[in-house]
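Report on the structure given below.
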Amino acid sequence: MDVTRVIIVAVGGQGNLLASSVLGEAALLAGVPMQMSEIHGMAQRGGVVESALIFGEARSTIISDGEADVLVGFEPAETLRAVQKCNAGSVVITNLAPLMPFTVNIGKGVYPDLAELQNLIREKTAKLIAFNAAKLANEAGNPLAVNMVLLGALTQVGLLPFSAENVKEAMGRKTKKQFLDSNLKAFDLGFRAAEQAG
Amino acid sequence: MHKLLTDNPGEKMLLLGNEAIARGAIEAGVAFTSTYPGTPSSEITLNFFQMSQESDLYFEYSTNEKVALEVSAAAANCGVRSMAVMKHVGLNVAADALMTLAYVGVKAGLVVLSADDPFMFSSQNEQDNRYYARLSGLPMLEPSSVQEAKDMLPYAFDLSEQLQEPVLFRTTTRINHSSGFVTLGNIRKRQPKGDFTKDPMNLVTVPAVSRNLHVKLLKNYETARKIAESSPYNFTDGSGTLGVICNGVSYNYVSDALEDLHATDRIKVLRIGFSHPLPEAPIKDFLMGCEKILVVEEGEPFLEEAVKAIAQEAKLTLPIRGKSKELFSRLYEYDPAMVKTNIAGYFEIPRKPTQPVDASDVPTLPQRPPTLCAGCSHRATFYEVREAAKALGVETIYPTDIGCYTLGLLPPHSAADFLICMGSSVGTAGGFSKVTDKKIIAFIGDSTFFHAGIAGLVNAVFNNHDLTLVILDNGTTAMTGHQPHPGVDMQRLNLDGYGQVSIEAVVRGVGVSHVTVIKPYKVKKSIEAIKEAIAHKGISVIISQEVCALYATALKLPKRKPFQITDKCKNHRVCMSELACPAFYVWNKRIKIDPVLCTGCALCAQICPENAILPLKKKKETVS
């Protein structure tokens with residue numbers, strides 16, 4: 001079986017770890033081998049959270065630079081920061097709604113221009129799918145469902161070794177009951193956004 | 001029911017490495033567990049804590065790792081299977097207990113888990129704790145995967161019982177914080193009660209006793225080596241006349257590399273999971289069948305040096321390489337591509353490496369370092385200490401300690417000048433005060449104070465050091481995920497049967513006469529109190545009490561109204577430049593406050609020169 005390597009980067013609080021565990025559960029449902037690792041040192045204190053998910057027959061739980069098949073970024077500057085995980089054949093999916101680092105707020109850094117950011121990623125990789133996931137999460141009635149919107153987009157690109165139904169069933173198992181409807185709606189909106197971008 | 005207590009052997013679950021470890025211990029029938037929390041080990045004992053509330057499993061958050069090991073050592077000497085869990089540097093604290101416990105031994109299985117942190121994702125050093133096995137003479141086990149971590153724990157307990165001595169279980173962050181599918185096994189019945197048989201001539205380590213116990217330890221060592229030589233956790237993969245010897249997560253990178261390089265028929269692998277005492281005979285056999293060896297291990301050349309020694313004794317002259325400028329580093333963690341490159345290079349296997357994209361034209365991105373939370377009380381205390389020192393015109397040195405407040409090292413706080421280990425703030429403060437003429441103001445958290453700060457404080461009283469100790473009491477062990485400590489009111493968590501130790505009573509009890517408790521959100525009063533403490537000759541202590549803002553949310557404590565910057569603002573930006581609270585942002589060249597992030601601590605409102613920061617009239621919108 002081919003190995004698929006997915007990197008998810010986010011800012012603490014964006015629900016990266018929940019999204020990763022949904023994908024892990026979906027792999028379990030589909031009977032696909034999976035390893036993953038996460039670095040969430042001080043996520044609650046505004047830092048970056050990175051998950052590496054490896055589907056298929058591999059033992060490693062981390063992904064080296066250049067080895068990601070898909071990079072999913074929940075925050076545009078963080079997507080660009082992680083771009084060296086990609087190679088020329090990688091697919092990148094990114095939210096376009098920025099979360100300003102406090103360093104920018106206090107004048108200790110400049111936030112990248114979003115158009116330039118997209119151009120840079122597009123030039124370097126095989127495909128970029130970029131849209132405002134925060135807006136779609138709001139549309140779904142759950143501003144915290146940015147993670148589910150991006151799961152929808154990730155599922156749409158068709159590189160995961162399991163179906164959208166597997167992911168939705170995993171969402172039912174891993175996310176809170178009272179948010180399931182809005183999460184599923186967010187997932188569908190993300191799925192469609194990726195379709196349109198494709 | 002807690003998912004790790006599921007009694008359904010054969011069921012497959014997606015588990016975090018630390019959950020798998022906790023489950024493995026449960027399957028082994030562990031009945032007594034203890035820890036001092038520390039990343040990357042903390043989730044293991046969070047699960048013990050939760051399970052202890054719905055079963056007869058005993059768990060305690062001990063004051064520090066030494067105490068954690070001592071309580072478990074006693075339980076294991078009463079015939080109760082026990083486990084003491086800590087991060088790698090925690091084993092330094094517990095080392096005094098460990099070294100002689102190795103002589104005394106145990107009656108029931110005792111596993112001591114050390115969670116090492118190559119690359120220092122959240123640690124002050126990346127020491128390689130395999131050397132504790134060599135130093136103590138105790139057996140060590142090292143898993144390579146999440147499933148294996150679970151499976152190895154019952155083996156570790158059995159081994160400990162067979163040898164009647166503790167077993168060291170070493171993980172690294174990439175085991176603790178990786179997830180995978182784990183097939184559950186049987187849960188052995190717990191025996192939570194034991195009994196103690198007096199045997200002072202074997203259990204009281206006076207010199208005459210210890211001289212015999214050391215002989216026993218060395219005998220055990222030989223037995224352990226024989227067990228290691230037939231252990232299923234030391235095994236060989238593949239075939240060929242080239243060889244790789246590896247351990248832990250390096251085994252995963254080696255396996256994937258050899259698959260990718262189509263080299264499994266030319267390069268064989270010896271995976272060492274029972275890494276002390278080393279299985280000498282199988283290593284010798286492996287070397288004899290090889291022309292060339294590469295040792296792949298993160299950290300120090302622990303295996304490499306031992307393998308070279310074994311080769312020398314066997315008069316083998318084949319090349320054995322590992323750590324070198326051209327190959328592997330002693331620094332940081334390894335990754336699959338780096339291991340593949342080194343294997344291909346060393347064994348001269350041609351390949352086309354995957355090229356990462358060229359990111360040289362990516363503009364410098366703004367950093368996103370972890371920072372003190374919005375409404376963190378440490379921010380208020382740091383500001384007040386700075387203002388007090390400024391008002392008195394004193395030059396300061398700020399020894400600090402291990403906790404969230406270490407983040408105070410960054411501007412604008414710049415409230416951290418020296419740090420080596422848990423408790424070092426107050427100990428080093430004493431030294432600074434004796435040899436410099438500066439004012440020494442040390443910072444320590446509440447949990448860290450109990451862990452290792454009290455002895456330093458007693459020392460300062462006895463030796464009459466001139467310093468101010470600021471104890472940042474936020475009512476929890478915040479950094480590692482809000483674990484309790486001896487100063488915590490456990491009733492708040494609806495838990496009975498705990499005592500509570502008052503930090504103020506401890507400080508006064510050890511003889512500090514100048515003690516002030518401040519509420520850091522009351523800025524003027526706090527600055528005055530700190531000025532008095534700084535002016536005091538000799539030891540003075542400030543206890544700054546305010547519950548951790550994140551913990552307050554978790555406890556559902558009443559919320560304060562968020563603040564806003566009104567039109568009275570003249571854009572001095574004192575709030576931003578002095579506090580840099582993450583709730584601030586710039587919009588149209590003006591500072592604004594994000595009402596979702598603002599906790600209503602009112603610190604900025606009290607320092608605004610125009611009194612332009614006022615509470616929002618509307619009730620805070622809830623988002624979550």
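The values are calculated or read from the model by the stated rules, or taken from the named source; none is laboratory data. What you see is a predicted model; the values in this text were computed from it and never measured. With ideal geometry, Cβ positions are generated from the backbone for all residues, glycine too; neighbour counts draw on all protein chains shown. What goes into the accessible areas is simple: the full protein's heavy atoms, side chains included, and nothing from ligands, DNA or RNA. Shrake-Rupley method; radii C 1.70, N 1.55, O 1.52, S 1.80 Å.
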Scanning segment A:38-78 for residues that are in contact with a helix residue (DSSP H, G or I) (Cβ under 7 Å, 6 or more places away or on another chain), at pLDDT 95 or above and more than 8 Å from every other protein chain (Cβ to nearest Cβ) gives A:S51, A:L53, A:F55, A:A68, A:V70, A:L71, A:V72, A:G73, A:F74, A:P76
Out of (1) in contact with a strand residue (DSSP E or B) (Cβ under 9 Å, 6 or more places away or on another chain); (2) outside any strand (DSSP E or B); (3) of a type in the set (D, E, K, R), the one B:R170 does not meet is (2)
All-but-one check, A:L28 against (1) over 14 Å from the mean Cα position of the chain (by Cα); (2) more than 8 Å from chain B (Cβ to nearest Cβ); (3) on the phi < 0 side of the Ramachandran plot, failing number (2)
The one condition B:P279 fails out of (1) crowded, with 17+ Cβ neighbours inside 10 Å; (2) away from every other protein chain (no Cβ under 14 Å); (3) touching a Cys at 6+ places or on another chain (Cβ under 9 Å); (4) not charged (D, E, K, R) is (3)
Screening A:G141, A:G158 for residues that are in contact (Cβ under 8 Å) with a residue 40 or more places away in the chain, in a loop (DSSP other than H, G, I, E, B), on the phi > 0 side of the Ramachandran plot and surrounded by fewer than 19 Cβ atoms within 10 Å (Cβ to Cβ) leaves only A:G141
Per the filter on segment B:368-413, residues within 14 Å of chain A (Cβ to nearest Cβ), in contact with a strand residue (DSSP E or B) (Cβ under 6 Å, 6 or more places away or on another chain) and assigned to a loop (DSSP other than H, G, I, E, B) are B:R368, B:G403
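Any residue that is of a type in the set (D, E, K, R) and in contact with an Asp or Glu (Cβ under 6 Å, 6 or more places away or on another chain) - is there at least one of those in segment A:150-171? Break it down into steps so the answer makes sense when it comes.
In the first step, residues of segment A:150-171 are kept if they are of a type in the set (D, E, K, R); the result is A:165, A:168-169.
Applying the additional criterion that residues be in contact with an Asp or Glu (Cβ under 6 Å, 6 or more places away or on another chain) yields none.
Looking through segment A:150-171, none of the residues is of a type in the set (D, E, K, R) and in contact with an Asp or Glu (Cβ under 6 Å, 6 or more places away or on another chain).
Does A:L80 fit the bill of being open to solvent by less than 10 Å² (accessible area, probe 1.4 Å), over 20 Å from A:T155 (Cβ atoms) and touching a residue at least 24 places away in the same chain (Cβ under 8 Å)?
Answer is yes for this residue.
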Determine, yes or no, whether B:P520 is modelled with pLDDT of 95 or more, part of a loop (DSSP other than H, G, I, E, B) and touching a helix residue (DSSP H, G or I) at 6+ places or on another chain (Cβ under 6 Å).
yes
Exactly one of B:A388, B:A416, B:A429, B:A478 is of a type in the set (G, A, S) and surrounded by fewer than 22 Cβ atoms within 10 Å (Cβ to Cβ), and that residue is B:A416
Residue hits (segment B:411-464; touching a helix residue (DSSP H, G or I) at 6+ places or on another chain (Cβ under 7 Å) and among the acidic types (D, E)) are B:D446
Going through (1) more than 28 Å from B:K219 (Cβ to Cβ); (2) open to solvent by less than 20 Å² (accessible area, probe 1.4 Å); (3) assigned to a helix (DSSP H, G or I) one by one, B:S160 fails only at (1)
Within segment A:89-117, of all residues that are in contact (Cβ under 8 Å) with a residue 24 or more places away in the chain and open to solvent by 30 Å² or more (accessible area, probe 1.4 Å), the one farthest from the other protein chains (Cβ to nearest Cβ) is A:L96
Contact list, first residue from segment B:351-362 and at the interface with chain A (Cβ under 7 Å from one of its Cβ atoms) and open to solvent by less than 50 Å² (accessible area, probe 1.4 Å), second anywhere and part of a loop (DSSP other than H, G, I, E, B) and β-branched (V, I, T), beta-carbon distance below 7 Å, six or more apart or interchain, is B:V357/A:T125
Residues of segment B:397-412 being of a type outside the set (A, V, I, L, M), farther than 18 Å from B:M479 by Cα and surrounded by fewer than 24 Cβ atoms within 10 Å (Cβ to Cβ), in sequence order, are B:P411, B:P412
So, first residue more than 15 Å from B:S250 (Cβ to Cβ) in segment B:297-314, second residue surrounded by fewer than 18 Cβ atoms within 10 Å (Cβ to Cβ) and hydroxyl-bearing (S, T, Y), Cβ within less than 8 Å, six or more apart or across chains; the pairs are B:A311/B:T317
Among (1) modelled with pLDDT of 95 or more; (2) open to solvent by 30 Å² or more (accessible area, probe 1.4 Å), B:S544 falls short only on (2)
When (1) closer than 23 Å to B:L409 by Cβ; (2) modelled with pLDDT of 95 or more; (3) of a type in the set (S, T, Y) are applied to B:T480, the one that fails is (2)
Within segment B:460-477, does at least one residue satisfy the condition of being within 21 Å of the chain's Cα centre (by Cα), outside any helix (DSSP H, G or I) and among the charged types (D, E, K, R)?
yes
Q. Is one or more of the residues making up segment B:324-338 under 25 Å from the mean Cα position of the chain (by Cα), of a type outside the set (A, V, I, L, M, F, W, C), away from chain A (no Cβ under 14 Å) and surrounded by fewer than 19 Cβ atoms within 10 Å (Cβ to Cβ)?
A. yes
Subset of segment B:22-43, residues in contact with a strand residue (DSSP E or B) (Cβ under 7 Å, 6 or more places away or on another chain) and either more than 18 Å from B:L91 (Cα to Cα) or of a type in the set (A, V, I, L, M) (or both), comes to B:R23, B:A25, B:V30, B:A31, B:F32
